[in-house]
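Worksheet for the structure shown next.
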Amino acid sequence: MNNLVPLSFRVNGEQQDLLIRPWHTLLEVLREHLGLTGTKRSCQEGQCGSCTVLIDGTSVNSCLYLAVEAQDKDILT
């Protein structure tokens, strides 16, 4: 069974179209699928802020944000 879902968003101004597992966080997708390692993995609880990105101008902890929720959004790392 194929558990991949399509995801489209813009990261740092570049359109990205991916197939991901629906339970992956935005942090995992940014680091592991797109190679954007500037967004750091640290506490994994949303407390330290090292994984913070802007989504449509609002700061979010990417370690707690499911990547599928970023569909059609603008992300700035």
Consider N3 against the criteria (1) closer than 13 Å to A67 by Cβ; (2) outside any strand (DSSP E or B): it satisfies all of them except one. Which criterion is unmet? (1)
Some residue of region 30-51 being among the polar types (S, T, N, Q) and within 14 Å of E69 (Cβ to Cβ): no
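A quick yes/no check of all residues on (1) under 12 Å from the mean Cα position of the chain (by Cα); (2) touching a residue at least 60 places away in the same chain (Cβ under 8 Å); (3) farther than 14 Å from I75 by Cα:
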{"residue": "N2", "(1), (2), (3)": "no, no, yes"}
{"residue": "V5", "(1), (2), (3)": "no, yes, yes"}
{"residue": "F9", "(1), (2), (3)": "yes, yes, no"}
{"residue": "E14", "(1), (2), (3)": "no, no, no"}
{"residue": "L26", "(1), (2), (3)": "yes, no, no"}
{"residue": "L34", "(1), (2), (3)": "yes, no, no"}
{"residue": "L54", "(1), (2), (3)": "yes, no, no"}
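Every read-out reported here was derived from the displayed coordinates using simple, explicitly stated rules and does not represent laboratory data. As the structure is a computational prediction, the values presented were derived from the model and not from experiment. Counting neighbours? That spans all protein chains shown, and the Cβs are built from the backbone with ideal geometry, glycine included.
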